[in-house]
Amino acid sequence: MAATRSTVRAITGGAAPPEGVHVADIKHAIGSHIAGYRFDGVSVPDDFRIALRELLQRRGLVLFEPGTVTAENFTTFAGFLGTFFHYAGPHTPRAPENPDATMIDSSRDNRLRNHIWHADGGFREDAPAFTALFGKVIPQGSGDTMFASAAHVYDMLDPLFAQYLESLTVVQSPDATGHITERYLDPEEAAQARLKMPPFEMPLVRVHPASGRKWVAVNESYACYIKGVSRVHSQNILGILFDMIKSPEATCRIEWREGALAVWDNRVVQHRAVKDYAPGTARILYRCTMTA
Ligand SMILES: [Fe+2]
């Protein structure tokens with residue numbers, strides 16, 4: 001964690017924070033950590049909401065210390081960012097304490113593909129804008145999550161290369177790396193999933209509607225190919241971008257503590273779990289996703 005500490009007021013340059021709240025940058029490219037705030041379970045003060053939204057736009061990821069929220073109320077806390085958007089399928093059950101959260105449980109689902117870089121719901125044109133993830137059960141010393149700023153990746157590009165990328169269209173599919181094939185074993189269920197989630201096209205470089213920042217909108221899980229070029233050309237371009245996305249300069253790694261909460265802008269931030277625990281180990285995270 002970086003040494004710089006300041007109040008939310010200093011970080012955001014405007015909105016007043018609750019007394020005693022402190023913010024620290026996690027890495028230069030991405031992430032802020034907030035300490036000293038306790039959600040009352042009812043509402044987030046208006047000025048703090050404005051500060052948090054601005055912080056998410058600028059830093060991509062905000063991590064809250066354990067004790068900020070609970071398994072029951074973290075969705076109420078993060079819910080101000082938008083409307084809950086439950087795109088999850090039959091393999092992602094609801095959390096027992098919280099109907100607004102889904103449960104990602106490594107011990108119950110050995111086909112989880114969350115260790116491949118992705119944006120949540122990135123197989124849909126209307127992928128959620130924000131994700132909140134609550135640490136429920138964390139294996140000792142393992143099960144971290146890595147995050148990457150695809151906006152920082154864009155900023156690192158050679159300007160001529162960036163200009164070329166802006167002319168390209170990418171085809172995205174949930175089955176680009178087997179999400180449907182491996183997760184939906186029942187043929188009828190798989191056929192329904194393919195009908196519900198067909199491949200779609202989008203610009204390779206996108207522009208954030210609020211901040212105006214550009215980002216490289218491809219991830220290893222769901223990008224199939226670049227349209228109109230050869231397979232080798234497409235693979236090589238995507239390979240360069242995937243390499244930059246997972247580079248130390250664009251990423252940070254979060255060591256979970258039970259009760260911690262991570263909230264991120266799911267458009268410009270990609271993530272992956274680190275699967276460095278034994279098969280069958282419980283690693284349980286509660287998640288909610290929201291539209292803008
Ligand atoms: Fe995810």
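The values are calculated or read from the model by the stated rules, or taken from the named source; none is laboratory data. Quick caveat: nothing in here was measured; it's all calculated off a predicted structure. All Cβ positions, glycine included, derive from the backbone under ideal geometry; neighbour counts span all protein chains shown. Note: areas computed on protein heavy atoms with side chains; ligands, DNA, RNA excluded. Shrake-Rupley method; radii C 1.70, N 1.55, O 1.52, S 1.80 Å.
Values as computed for the structure displayed
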quantity: Complete set of residues in the stretch 93-118 that are aliphatic (A, V, I, L, M) and open to solvent by 10 Å² or more (accessible area, probe 1.4 Å); calculated: Met103, Ile104, Leu112, Ile116
quantity: Matching entry among Met244, Met290 (being in contact with a Phe, Trp or Tyr (Cβ under 6 Å, 6 or more places away or on another chain) and either under 30 Å from Leu168 (Cβ atoms) or open to solvent by 10 Å² or more (accessible area, probe 1.4 Å) (or both)); calculated: Met290
quantity: Only listed residue being under 19 Å from the mean Cα position of the chain (by Cα) and farther than 30 Å from Val69 by Cα, chosen from Gln192, Gln172; calculated: Gln172
quantity: Checking Trp215 against (1) part of a strand (DSSP E or B); (2) open to solvent by 10 Å² or more (accessible area, probe 1.4 Å); (3) within 16 Å of the ligand (Cβ to nearest atom), the condition it does not meet; calculated: (3)
quantity: Scan of the stretch 145-199 for residues that are charged (D, E, K, R) and either at pLDDT 95 or above or part of a loop (DSSP other than H, G, I, E, B) (or both), ordered by number; calculated: Asp155, Asp158, Glu166, Asp175, Asp186
quantity: Count of the stretch 137-152 residues which are open to solvent by 30 Å² or more (accessible area, probe 1.4 Å) and within 15 Å of the ligand (Cβ to nearest atom); calculated: 1
quantity: Any hit, the stretch 177-197, residues being under 19 Å from Ser234 (Cβ atoms), surrounded by 16 or more Cβ atoms within 10 Å (Cβ to Cβ) and in contact with a Ser or Thr (Cβ under 9 Å, 6 or more places away or on another chain); calculated: yes
quantity: Some residue of the stretch 154-172 being within 16 Å of the ligand (Cβ to nearest atom) and acidic (Asp, Glu); calculated: no
quantity: Residue list for the stretch 209-243, filter: farther than 17 Å from His115 by Cα and in contact with a helix residue (DSSP H, G or I) (Cβ under 8 Å, 6 or more places away or on another chain); calculated: Ala210, Ser211, Arg213, Lys214, Trp215, Val216, Ala217, Tyr225, Ile226, Val229, Ile237, Leu241
quantity: All strands (runs of 3 or more DSSP E) inside the stretch 25-128 with 2 or more residues being within 16 Å of the ligand (Cβ to nearest atom); calculated: 61-64, 98-105
quantity: Those residues of the stretch 257-273 which are farther than 10 Å from Leu63 by Cβ and within 15 Å of the ligand (Cβ to nearest atom), in sequence order; calculated: Asp265, Asn266, Arg267, Val268, Val269, Gln270, His271, Arg272, Ala273
quantity: Count of residues meeting criterion [farther than 30 Å from Asn73 by Cα and of a type in the set (A, V, I, L, M, F, W, C)] in the stretch 240-261; calculated: 6
quantity: Output for the stretch 1-24, where each listed residue is hydrophobic (A, V, I, L, M, F, W, C), outside any loop (DSSP other than H, G, I, E, B) and at pLDDT below 55; calculated: Val8, Ala10, Ile11
quantity: Given (1) crowded, with 21+ Cβ neighbours inside 10 Å; (2) modelled with pLDDT under 95; (3) not acidic (Asp, Glu), index of the condition Phe74 fails; calculated: (2)
